[in-house]
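The structure under discussion appears below in the form of structure tokens.
The values are calculated or read from the model by the stated rules, or taken from the named source; none is laboratory data. Fair warning: this is a prediction, and the values are worked out from it, not measured in the lab. All Cβ positions, even for glycine, are placed from backbone atoms using ideal geometry, and neighbour counts span all protein chains on display.
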Amino acid sequence: MNLKALTKQAVQAAVEAGELIRSYQDSEVEVLHKEGGDTYASQVVTETDRKAQDAILHILGPSCEEFDLAVLTEENEDDGSRFEKKFFWCIDPMDGTLPFIRKEPGYSVSIALVARDGSPQIGVVYDPVYDVLWQATKGQGVRRNGEPWTLDASSKELTFTYDRSFTDRPERDRVLQELADYAQSLGLKKLVAAQFGGAVINACHALEAAPGCHFKFAKPQEGGGSLWDYAATACLFEEAGAVVSDVHGELLDLNRSDSTFMNHRGAVYATDQDLAERIRKILSSFE
């Protein structure tokens, strides 16, 4: 596997898809519905999502032939080839369709290469609103807009990024208080809790605003994001030396055999191990 060459292709695909999305960002778009999880955000799709996917597959298609890769992408049915091939592309052509529809920032292109054992090998995220490109390749660190990037945890605030569903959870106030108490124990000025868009942008913002975190509760209902919402950012966090896991501290199940949803074990992103452990403790108290 030539991960360097494949990363270059993934970057090209993400940027071209992002430029296509940007060309539609001020236009009226038809909102369609699809089968998804238990949230409205997972059930909406636009023609722009599908055009972005086509642009990505046009670029990555030859690599599937050359390296015998499978493909899992949000807008196509899972054909199960990810269980047969050694590696698969895991693609979200536009994470954050709801912000896109509302003409708000928070959407991005997310492309990952994942091994059959579920370990992320490549992660590329492109934010077409702010023209920011994140990329990571296993064993080669992280780049931001083409330049080497390292984690800087010098902020005097603790950042927690959350999705829209968190605001309606009965545990909301207690979680925020627990995180505020933790920030105070570290001598930080305050907790900054904010919703920046889709799961991908939320995770990237938490990484960039270290100390930072983003997490999803485990739940019985289908949803909680899908494999393509987490694969690329998992690679970014791992290569940055940050922490990504499920709510029990195990590796994310990025090639789940019985579903593409991540609700069964949730997700925890944190810029350091102590913060990750505190989040898991908070989440476990609600089980």
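Take the residues in the stretch 241-254 that are of a type outside the set (D, E, K, R) and farther than 15 Å from Gly224 by Cα; name whichever of them is surrounded by the most Cβ atoms within 10 Å (Cβ to Cβ).
Ala242
When the residues of the stretch 111-154 are filtered to those that are over 13 Å from Leu236 (Cβ atoms) and among the polar types (S, T, N, Q), the one that is surrounded by the fewest Cβ atoms within 10 Å (Cβ to Cβ) is Ser154. Just the residues that are in contact with a Pro (Cβ under 8 Å, 6 or more places away or on another chain) and modelled with pLDDT of 95 or more, please, taken from the stretch 230-269. Scanning the stretch 230-269 gives Ala231, Ala232, Ala234, Cys235, Glu238, Leu254.
Being without any contact (Cβ under 8 Å) to a residue 60 or more places away in the chain and in contact with a strand residue (DSSP E or B) (Cβ under 7 Å, 6 or more places away or on another chain) is a condition met by no residue of the stretch 249-258.
Pull up the stretch 201-237, narrow it to residues that are of a type in the set (D, E, K, R) and surrounded by 20 or more Cβ atoms within 10 Å (Cβ to Cβ), then point me to the one that is farthest from Met94 (Cα to Cα). Ranking the candidates gives Lys216 first. Within the stretch 184-198, one or more residues are in contact with a Phe, Trp or Tyr (Cβ under 9 Å, 6 or more places away or on another chain) and closer than 28 Å to Phe87 by Cα.
The rows are residues; the columns are (1) under 11 Å from the mean Cα position of the chain (by Cα); (2) in contact (Cβ under 8 Å) with a residue 40 or more places away in the chain.
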site	(1), (2)
Ala194	no, no
Gly198	yes, yes
Ile201	yes, yes
Ala209	no, yes
Gly212	no, yes
Phe217	no, yes
Gln221	no, yes
Trp228	yes, yes
Ala231	yes, yes
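Of the set (1) closer than 30 Å to Leu6 by Cα; (2) hydrophobic (A, V, I, L, M, F, W, C); (3) in a strand (DSSP E or B), all apply to Phe196 but (3). Among the residues of the stretch 51-72, those identified as touching a Leu at 6+ places or on another chain (Cβ under 7 Å) and either modelled with pLDDT under 95 or assigned to a helix (DSSP H, G or I) (or both) are Lys51, Ala52, Ala55, Ser63.
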